[in-house]
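These notes concern the structure reproduced below.
The values are calculated or read from the model by the stated rules, or taken from the named source; none is laboratory data. The model shown is predicted, which means the values in this text are computed figures rather than measured ones. Cβ placement follows ideal geometry from the backbone for every residue including glycine, while neighbour counts extend to all protein chains displayed. Side chains are part of the model used for accessible areas, which takes the heavy atoms of the whole protein and leaves out ligands, DNA and RNA. Shrake-Rupley method; radii C 1.70, N 1.55, O 1.52, S 1.80 Å.
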Amino acid sequence: MAPVNMTQVTEFILIGVSNRPELQVPLFLTFLVIYGLTTAGNLGIITLTSVDSRLQTPMYFFLRHLAVINFGNSTVIAPKMLSNFLASKKTISYYACATQLAGFLLFIVAEIFMLAVMAYDRYVAICNPLLYLAVVSRRVCLLLVSLTYLYGLFTAVLVSSCVFSVSYCSFNVINHFYCDNVPLLALSCSDTYFPETVVFVSAATNLFFSITIVLLSYFNIVLSILRIRSSEGRKKAFSTCGSHMMAVTVFYGTLLFMYLQPRTNHSLDTDKLASVFYTLVIPMLNPMIYSLRNKDVKAAFQSCVTNLRGSWKGV
């Protein structure tokens, strides 16, 4: 039997979105624009919901933290991805890879449950409007957001420690543009049954509970709206949750496409395409979804621009 090379890997090579040399610069420019829009949009939402008095409600408190999560998720992935488009050696160190995986898991799990929290917020606002401020009090808001971040952190530590508890020997080329569970475990030279089980159970549990909360919330929201007799009242009720419904549909639709596709059609290239969407494209789209369809956010933005113009004229 030939001896097995058991040299421990100290760095990984990321293939990226594509390994074709002629596409590196166009892809760099494309994703630079996407990351720039993501940064501007989410920092804009964070700023507006922090300083404008009209946006100091539970709904906008949760929206601010969704923007924080979107910005964090894209920032964990995009800078290294962009630098690798122009680098001749597309490497990432062992510990940087582990840190990137943990950061990605923290923010993606936090986003899954933040969307569920926002669905519950819309349920209370529409189905129990008289009790809204009592049920979704500031204390409850802080508790829900804290639990979301803490659970995301717990999942990140648990799953990333399991993924990096196995051995990685010799072959270190990751068929992805960032350090993710599945392509990493595919490189392991030791038994991966336990970490694969942890990854599967964690992903399945998180998706099941968050989607259940969202579906139950919107089932009750739709029933409540259908009981409203006036068409104007129904339209107003739908408008209060339309942006969130769109964001939820895009996000969960991408995740379900990735996890529910037949195994015969499943490939790492398909995973990469889906990952581009929920790590980079969706964080760019969310600020647009919430601002373009929201009169309060548009009014706050216009007020902010007016104040900035006034301050510049004063100077």
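Just a few scattered comments:
- Which label in (i) 29.5, 102; (ii) 21.8, 81; (iii) 19.9, 69 gives the computed Rg and Dmax of the Cα atoms in Å: (ii)
- Cysteines (scope the chain) whose Cβ has no counterpart Cys Cβ under 4.7 Å: CYS127, CYS141, CYS162, CYS241, CYS304
- Most mobile of LEU66, LEU273, LEU184 in a GNM of the chain (Cα contacts under 10 Å): LEU273
- Using just its DSSP H runs of length 4 or more, each adding -39500 (n - 2.57), the chain gives a mean residue ellipticity at 222 nm of -25500 deg cm²/dmol after division by all residues.
- Solvent-accessible area per residue, Å², over the chain with all protein chains present [probe radius 1.4 Å]: 52
- With Cα atoms, 0 to 90° folded angle of helix 138-163 axis to the chain main axis: 10
- Cα-based shape type of segment 191-254, given that a ≥ b ≥ c are square roots of the gyration tensor eigenvalues and the cut on a/c is 1.5: prolate
- Rounded to 10°, Cα long-axis angle of helix 58-86 versus longest principal axis of the chain: 30
- With contacts taken as Cα pairs under 8 Å at a separation of at least 6 residues, the chain carries a relative contact order of 27 percent.
- Anisotropy class of segment 32-129 from Cα gyration tensor, a/c 1.5 cut: prolate
- Accessible-area order (highest first, 1.4 angstrom probe) of the listed residues MET245, MET114: MET245, MET114
- Crossing angle, helix 94-127 versus the chain [Cα axis fit, 0-90 degrees, rounded to tens]: 20
- Look at the alpha carbon pairs under 8 Å that are at least 6 residues apart: their mean separation over the length of segment 165-238 gives a relative contact order of 22 percent.
- For ALA96, neighbours were defined as the other residues whose beta-carbon sits under 11 Å from its Cβ, and their charges (Lys and Arg +1, Asp and Glu -1) total 0.
- Residues LYS272, LYS89, LYS298, LYS80, ordered by accessible area of protein heavy atoms at a 1.4 angstrom probe radius and largest first, appear as LYS89, LYS298, LYS80, LYS272.
- Sulfur and carbon atoms: percent of accessible area, the chain [1.4 Å]: 69
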